[in-house]
């Protein structure tokens, strides 16, 4: 797997991250916990892409048109910026920005001696400070001890982020009464009771110059700063408009919110991926979020031809569906074994405090500058199994099983009340609930026999209904694939499980395991579990996958629509009563 070094003029370059991490959990605007410090990934325009004329270009005209760029470029080196700035020493408890820590170290190295008597330099020894500063406290009793980064930051809904206003807070929230907002020479100490209370009462900040003392009690309330501003009648705590990843600050009238550094609300990345296919299908140039874009892939997979060199992926000749004994009872109409496929992944931007559904929505921070004509991207090569289901059978099941439709409607209502209500354009239908849950069940089963870890196997759901989605086409397919950074792809362990002698047994075992969960009856009878109750009969013991595997972040899952529940065993698509009913 390709690894990318981080690079910055003031930072060491010994740390490495995997290529997918630079586009997923550690993309631009995200904080990365390294062993010696915490950094924030810089904006892609600062990254290195190789010398001019030698950049590695990804050619995917269909994807580029959908994102309105010219090309995609693979980064050679990702850069980081120092954030957060505030660090404290676990020994002496001094608390100050990292620049102050570095000045102390440089003064000591240059022989300043203001901290303690420094060693005499040898003749000719350079007094030039080191280019890269490894965070540490220079006091004799603390020397060589690593510093600890502040675990509290502030952010606003427009995507800005900054250090917590420690100096303002300790003086305004002084236990003995408000002090001047900034004493002449504030010197802070950080103390923690170790209780880990959510209220912040166990954290004390002390100004040793004026003896102001404050805890973080009340700081994490969503309206904490707004309430203080209201009490004061002035904008005492306002957003600085800072974007450390872009190295800029903008005018912002929002009131920030204090969050723990690892809080999920601090970072909502927007990523998109695309299966590379022939661009000949791209006649309407749909947007990447339109169902029509994925329908092009669905058409290509349904018409896969081992002899077609223009389809941009290769498949091997699978056996006719009639030879898959037992699959005809599962309403599977097509199996394709894709021995070489390419997935292109792009990071579009992020938001903070709340997720956004569209790139033109306020609060979305674009990963590229307006004048840029490209996105950074990376390719993942691999193999996959494509399964297509009978549209006729699905329509009959929906018509004859109203309880399955009601379960999907419950998930949709929970989704509409959730934090991510605007993150999808299409409704969660019974058909989607079925295909998505089935993909999870098959991935869990395939991981046991294919030789791949479950986190390496991913899904791509092709689901559309003319009436439910107000479109001109239907889709009912699942692509289960593995893809890595090696251009030579994977080893064939997955598609081997798609053969006539293995796939029917894998399918049956997946359905059998889905009938019972170790958390039943609580799991099977759930009316909403997981993030904002967007799952029904689905939990970590039976259906959930690592986040790298699921397109929907482990939401919209229900074993009930697949195999029924203990209370309603006949509502599932597989083995339900609808198969024996007359319309």
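A short reminder: the numbers here are calculations on the coordinates, not readings from a lab. Every value quoted in this text rests on a predicted model; they were computed, and no experiment measured them. Here the Cβ positions follow ideal geometry from the backbone for every residue, glycine too, while neighbour counts run over all protein chains shown.
Quote the FRET efficiency, to the nearest 0.05, computed for residue 395 versus residue 329 with a Förster distance R0 of 22 Å and r equal to the Cβ-Cβ distance.
About 0.80, to the nearest 0.05.
Multiplying the sequence separation of residue 251 and residue 567 by 0.36 nm and subtracting their Cα-Cα distance, what value in nm do you get?
Net length gain for the segment: 108.0 nm.
Set the Förster radius R0 to 22 Å, insert the Cβ-Cβ distance between residue 146 and residue 261 as r into 1/(1 + (r/R0)^6), and round the FRET efficiency to 0.05.
Once the sixth-power term is evaluated, E becomes 0.85.
What order do you get for 293, 516 when you list them from fewest to most C-beta neighbours inside 10 Å?
The order, fewest Cβ neighbours first, is 516, 293.
Helix 503-514 versus the longest principal axis of the chain: what angle, 0 to 90°, nearest 10, using Cα atoms?
Value to nearest ten degrees: 60.
Given C-alpha coordinates of region 269-580, what is the ratio Rg to Rh with the Kirkwood estimate of Rh?
Looking at region 269-580, the ratio lands at 0.95.
Which whole-number percent gives the relative contact order of the chain, counting Cα pairs below 8 Å spaced six or more residues apart?
Here the relative contact order equals 12 percent.
Which whole-number percentage describes the relative contact order of region 269-580, with Cα contacts under 8 Å and a sequence gap of 6 or more?
Across region 269-580, relative contact order equals 18 percent.
How far is helix 391-400 tilted, in degrees, relative to the longest principal axis of the Cα atoms in the chain, given as a value from 0 to 90 rounded to the nearest 10?
The two axes meet at around 90 degrees.
Sum -39500 (n - 2.57) across every DSSP H segment of at least 4 residues in the chain, then divide by the residue count to get the 222 nm mean residue ellipticity, nearest 500.
That comes out to -5500 deg cm²/dmol.
List the residues of region 65-97 whose backbone N lies under 17 Å from a point placed 7 Å from the Cα of residue 473 along the Cα-to-Cβ direction.
65-67
Specify the angular offset, from 0 to 90 degrees and rounded to the nearest 10, of the alpha carbon long axis of helix 430-449 from the longest principal axis of the alpha carbons in the chain.
Compared with the principal axis, the helix lies near 80 degrees.
If you take percent of Cα pairs over 30 Å apart from the coordinates, which of [x] 74; [y] 60; [z] 53 do you get?
Computed from the coordinates, percent of Cα pairs over 30 Å apart corresponds to [y].
So if each residue of separation counts as 0.36 nm, and I subtract the Cα-Cα distance between residue 359 and residue 106, what length gain in nm does that give?
Additional length available on full extension: 86.6 nm.
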